[in-house]
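Engineer: There's a structure below that I have some questions on.
The numbers here are math on the coordinates, done by the rules we state, and not lab data. Owing to the predicted nature of the structure, the values given are computational and were not obtained by experimental measurement.
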Ligand code: GUN
């Protein structure tokens, strides 16, 4: 029997606990989100982040810029937010307009306000086995989901498709820290199905339909991080759910799997950053 990994249900449980925690905080966490440009998906994500924060009693402010914004304008704003004692968490929504050096922007965020865990300080801590202020949201959400369903990680072969800084690289490191044997695959990987067939846990974070029938062994745990609109305008993930779900032991749906867990982790991180010394 295939179990659907219900990210919405776990998100709701996390939100309930977080709301109670925030209610007791004398000073509420404050999340600042920078949104530059007019990527339609980013606008939806940022709106959703703001709505969720409000529901939990977390203050949030969204600062928007046109796609013509300069690096200096963004750097100045980040400096202002770093210095603002009322702001406890900063998120720069990605992707940024193409003329902006995203590394320069991310590097400017104060590590103790870096709610995505993406600055060199926090990712350096993560990759050297030290504890960062917070872990990147999507990887953290994936591990929370695996743990909620009691899925064993230690000693299992995890195959990660996609090597982004947001998902692929940090999730691989976090699985390694939990004693999984980890293989990273990407667009230049040869014979992908030969590798995915050896996975006990498969995580796909590509944004294209890359996992189909006959690519996995029976009883694989399948985590689909991709979310995009297919040629018919339907919300879709990296995994062909219809065929793959027949042989998987656990599978995360799109929508309703990893997406809600990313936002749950963002809210958890926002609260965590507000209570650090
Ligand atoms: N764009 C898509 N996902 C994310 C995320 O988790 N954080 C940021 N900052 N941008 C994103």
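Engineer: Roughly what % antiparallel, to the nearest 5, for the DSSP beta bridges in segment 182-251?
Structural biologist: Working: 2 of 9 bridges.
Counting DSSP beta bridges with both partners in segment 182-251, the antiparallel share is about 20 percent.
Engineer: Provide the percentage of antiparallel DSSP beta bridges, counting only those with both residues in the chain; round to the nearest 5.
Structural biologist: Numbers: 2 of 32 bridges.
Once the DSSP bridges in the chain are tallied, antiparallel ones form about 5 percent.
Engineer: Also: Per-residue ellipticity at 222 nm for the chain, helices alone: DSSP H runs ≥ 4 residues times -39500 (n - 2.57), over residue total, nearest 500 deg cm²/dmol?
Structural biologist: Numbers: 10 runs with 112 residues, N = 277.
It comes out at -12500 deg cm²/dmol, rounded to the nearest 500.
Engineer: Taking the alpha-carbon centroid of each part, what is the distance from segment 120-187 to segment 1-51 in angstrom?
Structural biologist: Spelled out, the Cα-based centre of one part sits 20 Å from the other.
Engineer: Would you kindly calculate the translational diffusion coefficient of the chain, applying Stokes-Einstein with the Kirkwood radius from alpha carbon pairs, for 4 °C and a viscosity of 1.567 mPa s, and quote it in µm² s⁻¹ without decimals? Walk me through the numbers on the way to the answer.
Structural biologist: Numbers: Rh = 19.3 Å.
My calculation gives 67 µm²/s for D.
Engineer: Something else about it: Just the number, please: Stokes-Einstein D of segment 216-277 in µm²/s, Kirkwood Rh from C-alpha pairs, 25 °C, 0.890 mPa s.
Structural biologist: Details: Rh = 13.4 Å.
Result for D is 183 µm²/s.
Engineer: Can you list, bin by bin at 5 Å, the percent of alpha carbon pairs in segment 21-125, starting at 0?
Structural biologist: Bin by bin from 0 Å, the calculated values are 2, 12, 23, 23, 21, 12, 4, 1, 0.
Engineer: How fast does segment 153-269 diffuse by Stokes-Einstein, in µm²/s, taking the Kirkwood radius from C-alpha pairs at 20 °C and 1.002 mPa s? List each step's numbers first, then the result.
Structural biologist: Values: Rh = 14.3 Å.
Calculated translational D: 150 µm²/s.
Engineer: In terms of the Cα gyration tensor, with a ≥ b ≥ c the square roots of its eigenvalues, is segment 86-156 rounded because a/c is under 1.5, prolate because a/b exceeds b/c, or oblate?
Structural biologist: Working: a/c = 2.09, a/b = 1.90, b/c = 1.10.
In terms of gyration-tensor shape, prolate.
Engineer: Could you work out Rg/(2.2 N^0.38 Å) for segment 3-61, with Rg from alpha carbons only?
Structural biologist: Working: Rg = 13.7 Å, N = 59, 2.2 N^0.38 = 10.4 Å.
So the Cα radius of gyration is 1.32 times the expected 2.2 N^0.38 Å.
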